[in-house]
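**Student:** Okay, handing you the structure first.
The values are calculated or read from the model by the stated rules, or taken from the named source; none is laboratory data. Because the structure is predicted, anything quoted here is derived from the model rather than measured. In this analysis, Cβ positions are derived from the backbone assuming ideal geometry, glycine residues included, and neighbour counts consider all displayed protein chains. Quick note on the areas: whole protein, heavy atoms, side chains included, nothing else; ligands and nucleic acids left out. Shrake-Rupley method; radii C 1.70, N 1.55, O 1.52, S 1.80 Å.
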Amino acid sequence: MDRVPILKISDILLVSIQGDLDDHAVLTLQEDLADRVVATGALGVIIDITAVEIVDSFVGRMLSTIAGMARMLDAETIVVGMRPAVAITLVELGLSLGGLRTALDLEKGIALLSRPGPEPAVTDDMSPVGQ
Amino acid sequence: MSQPPRVVAPAEELTIASNDEVVIVRQKVRATAIELGFSLVDQTKVVTAASELARNTLVHAGGGHARIEVLDNGHRRGLRLTFADNGPGIPDLQLALTDGWSSGGGLGLGLSGSRRLVDEFELDSEPGRGTVVTVTKWTR
Amino acid sequence: MTVQENTSRHHIERLLRDNEDGILDRWVQISNEPLLGRVNESETRRELHEIYRVLLQSLSRPEAASELRGLLAELSRNRARQGFTPSETAVSVYGLKEAVYELIGAEQEGDEQALRGFIWLSRTIDGLGLYTFEAYSAARDKIISDQTEQLLELSTPVVKLWEGIVSVPLVGTLDSARTQVVMEKLLQTLVDTGSEYAVIDITGVPAVDTQVAQHLLKTVMAARLMGAHCVISGIRPQIAHTIVTLGIEFGDIVTKATLADALAYALRKSGVEVVNKRRTRLAIRAEEA
């Protein structure tokens, strides 16, 4: 399996995982990403797993590790496009992927990166629109 | 009541000696699960379990074998996977099935997690004699 | 069978044959009485006439007994399906006793032969009545199990409440198989519609067991992994009690009392503001694109 390509769009690194990666390729991707975050000074990493049919504990750990490393390098990681069957299986497996931010698709992931904090900042006050 | 399950298709034997072969096990298991008409969620669950168990075989015992069988119990069909190795074995089965316990530096969810993904789970191991894990998933 | 019994039996058979029209008229009348016009009289007459005919046959030919049972089962099924009570159904059969008794009372009072014959007939009809009741309850069970199946087949719809907000209103008893199917459908809808908020409304769920509560929890967690948020609304006090008693940890899952509260919450979270303008109209503006 070839290396997973890492694309850079302004200050975001984009990784789109296609097909079934073996464990070695997973570890390679993890290292490559850390290197690229440092080299580019990217502020965000988006990992698109729309095409991934299974996420086992090894891949799950890779995702958490990438997020942890990126955070130390001052970049935010967002995993996008997880399939329902994959999400259900991960929950059953007992993997909560704590600390990982997720979005339904690439567009929402990018939008999430531009918002601060682990949760979209929403307050309860109903101030008039546009203020 | 269901009859005792019988094997309806010739078993497929696969060697697990490298990362590539773990991928092959995953693909074969998925192909068989699709053939049996498993739902998408059940396919994903059984392939994930296969991936965990195949990796265990590779990481803890340095390799082994996987067997894929199709079962029939009279009204449902099942997929039975057997992972066997001649590795060091597991000294404490109870402990090995506990969430978060790991000997290989993983998340410790391989055995306990895959047990939750299948319908039947059997673990047979003795230190020095190797390990056999058998899991079965039935169609809904 | 003693000779005496045999004679009484022939006596009553003859009585039934000779007075067919009269007895049948009275029988139809008696069995329709409690039904208060809920059935068509000619329909009842047709059914009872058929039963009468086969009953007469069965007195002389035991082989006809199975045909008689078939007719009674058919009658019971129809009555059960039309929503009649067991006693209303049983009257249809026992009415024959009444009709015959009236006839004997009017024409052959004091005739020992006739009375003995009537007692014999009465026993036979009692047996048939019991059979009718069994057939009735079997038919009822069938109706209930069919309805249960239909209820399960009625797929629970996942509805769009707003752009980016979907809801699944759960109604009826949840078993874990059904919950699983519904939840998979909900998660798929999140992907298909790009919705970030899902409201699981359980107002119509009478009770929740540990397994179902676990499925709900797992769904919320799975949705979270996919990048969406779930709100559970309409938790009844009893269910809240069960969940707490069972020690199920709902943790930081957002729960709201009503579907309306949940919608308001999801709207606010997705940056939509609902403003009460001139008291009657609702003006809605999105805060951001």
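**Student:** Output the residues belonging to the stretch C:3-24 that are touching a residue at least 24 places away in the same chain (Cβ under 8 Å), open to solvent by less than 80 Å² (accessible area, probe 1.4 Å) and in a helix (DSSP H, G or I).
**Tutor:** C:T7, C:S8, C:R9, C:H11, C:I12, C:E13, C:L15, C:L16, C:E20, C:G22, C:I23, C:L24
**Student:** Determine, yes or no, whether B:G108 is touching a Gly at 6+ places or on another chain (Cβ under 8 Å), open to solvent by less than 60 Å² (accessible area, probe 1.4 Å) and either away from chain A (no Cβ under 14 Å) or modelled with pLDDT of 85 or more (or both). If you could, list the steps in order and put the result at the bottom.
**Tutor:** On the way: touching a Gly at 6+ places or on another chain (Cβ under 8 Å): yes; open to solvent by less than 60 Å² (accessible area, probe 1.4 Å): yes; either away from chain A (no Cβ under 14 Å) or modelled with pLDDT of 85 or more (or both): no.
Judged against the criteria, B:G108 is not a match.
**Student:** Which residues, taken from the stretch A:47-80, are facing chain C (nearest Cβ under 10 Å) and open to solvent by 10 Å² or more (accessible area, probe 1.4 Å)?
**Tutor:** Selection gives A:T50 alone.
**Student:** Can you name the residue in the stretch B:20-45 that is in contact (Cβ under 8 Å) with a residue 40 or more places away in the chain and of a type in the set (G, A, S) and, of all such residues, is nearest to the other protein chains (Cβ to nearest Cβ)?
**Tutor:** B:S39
**Student:** A follow-up question, please. Can we say C:L75 is open to solvent by less than 10 Å² (accessible area, probe 1.4 Å) and either within 25 Å of C:A138 (Cα to Cα) or not assigned by TED's automatic domain parsing to the domain that holds C:I143 (or both)?
**Tutor:** Values: open to solvent by less than 10 Å² (accessible area, probe 1.4 Å): yes; either within 25 Å of C:A138 (Cα to Cα) or not assigned by TED's automatic domain parsing to the domain that holds C:I143 (or both): yes.
Considered against the rule, which asks whether it is open to solvent by less than 10 Å² (accessible area, probe 1.4 Å) and either within 25 Å of C:A138 (Cα to Cα) or not assigned by TED's automatic domain parsing to the domain that holds C:I143 (or both), C:L75 comes out as yes.
**Student:** Which residue, of C:D146, C:D201, C:D175, C:D192, is of a type in the set (D, E) and farther than 26 Å from A:I88 by Cβ? Show your work before the answer.
**Tutor:** Values: C:D201 fails: farther than 26 Å from A:I88 by Cβ; C:D175 fails: farther than 26 Å from A:I88 by Cβ; C:D192 fails: farther than 26 Å from A:I88 by Cβ.
Being of a type in the set (D, E) and farther than 26 Å from A:I88 by Cβ holds for just one of C:D146, C:D201, C:D175, C:D192, which is C:D146.
**Student:** What's the number of the only condition in (1) away from chain A (no Cβ under 14 Å); (2) farther than 24 Å from B:R140 by Cβ; (3) open to solvent by 60 Å² or more (accessible area, probe 1.4 Å); (4) not in a helix (DSSP H, G or I) that C:H241 fails to meet?
**Tutor:** (4)
**Student:** Here is a follow-up. Suppose we filter the stretch C:246-271 for residues that are assigned to a helix (DSSP H, G or I) and at pLDDT 85 or above; how many remain? Talk me through it step by step, then tell me what you get.
**Tutor:** To start, the set of residues in the stretch C:246-271 that are assigned to a helix (DSSP H, G or I) comprises C:246, C:259-269.
Those still in the list that are at pLDDT 85 or above too: C:259-269.
Summing the residues that are assigned to a helix (DSSP H, G or I) and at pLDDT 85 or above in the stretch C:246-271 gives 11.
**Student:** Turning to a different aspect of this structure: Looking at A:L95, A:L90, which is the one that is assigned to a loop (DSSP other than H, G, I, E, B), within 11 Å of chain C (Cβ to nearest Cβ), in contact (Cβ under 8 Å) with a residue 12 or more places away in the chain and more than 15 Å from the chain's Cα centre (by Cα)?
**Tutor:** On the way: A:L90 fails: assigned to a loop (DSSP other than H, G, I, E, B).
Matching residue, one of A:L95, A:L90: A:L95.
**Student:** A follow-up question, please. Out of the stretch A:2-29, which residues are in contact (Cβ under 8 Å) with a residue 24 or more places away in the chain, farther than 14 Å from A:A75 by Cβ and surrounded by fewer than 16 Cβ atoms within 10 Å (Cβ to Cβ)? Write out each step before concluding.
**Tutor:** Let us first name the residues in the stretch A:2-29 that are in contact (Cβ under 8 Å) with a residue 24 or more places away in the chain, namely A:3-4, A:6, A:8, A:11-21, A:23, A:25-29.
Those left that are additionally farther than 14 Å from A:A75 by Cβ: A:3-4, A:16-21, A:23, A:25-29.
Listed by number, the residues that qualify are A:R3, A:Q18, A:G19, A:L27.
So that you can scan it fast, the table gives a plain yes or no per residue for (1) touching a strand residue (DSSP E or B) at 6+ places or on another chain (Cβ under 8 Å); (2) not acidic (D, E):
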{"residue": "C:V231", "(1), (2)": "yes, yes"}
{"residue": "C:P237", "(1), (2)": "no, yes"}
{"residue": "C:K256", "(1), (2)": "yes, yes"}
{"residue": "C:D261", "(1), (2)": "yes, no"}
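**Student:** Follow-up question, since we're still on this one. Does the stretch C:88-104 include one or more residues that are small (G, A, S) and either on the phi > 0 side of the Ramachandran plot or surrounded by fewer than 18 Cβ atoms within 10 Å (Cβ to Cβ) (or both)?
**Tutor:** The answer is no, given that none of the residues of the stretch C:88-104 is small (G, A, S) and either on the phi > 0 side of the Ramachandran plot or surrounded by fewer than 18 Cβ atoms within 10 Å (Cβ to Cβ) (or both).
**Student:** Determine which single condition C:G194 fails, assuming it passes every other condition in (1) in contact with a Ser or Thr (Cβ under 7 Å, 6 or more places away or on another chain); (2) farther than 30 Å from C:T148 by Cβ; (3) open to solvent by less than 30 Å² (accessible area, probe 1.4 Å).
**Tutor:** (1)
**Student:** Same structure, new question: Considering only residues that are closer than 25 Å to A:T102 by Cβ and charged (D, E, K, R), which ones fall in the stretch C:198-227?
**Tutor:** C:D201, C:K218, C:R224
**Student:** For the stretch B:1-45, which positions are open to solvent by 40 Å² or more (accessible area, probe 1.4 Å) and closer than 17 Å to A:I54 by Cβ?
**Tutor:** Correct list: B:N19, B:D20, B:E21, B:I24, B:Q27, B:K28, B:A31, B:I34, B:S39, B:L40.
**Student:** Name the residues in the stretch C:168-180 that are outside any loop (DSSP other than H, G, I, E, B) and surrounded by fewer than 16 Cβ atoms within 10 Å (Cβ to Cβ), would you? Give the derivation first.
**Tutor:** Quick first cut of the stretch C:168-180, residues outside any loop (DSSP other than H, G, I, E, B) only: C:168-171, C:176-180.
If the condition is that a residue be outside any loop (DSSP other than H, G, I, E, B) and surrounded by fewer than 16 Cβ atoms within 10 Å (Cβ to Cβ), then C:V171, C:S176, C:A177 are the ones that fit.
**Student:** Just for the stretch C:47-69: of the residues that are in a helix (DSSP H, G or I) and loosely packed, with under 12 Cβ neighbours inside 10 Å, which one is farthest from the chain's Cα centre (by Cα)?
**Tutor:** As a first pass, look at the stretch C:47-69 and keep what is in a helix (DSSP H, G or I): C:47-60, C:64-69.
When the remaining residues are screened for being loosely packed, with under 12 Cβ neighbours inside 10 Å, the result is C:60, C:66.
Values: C:S60: 40, C:S66: 29 Å.
The extreme case among them is C:S60.
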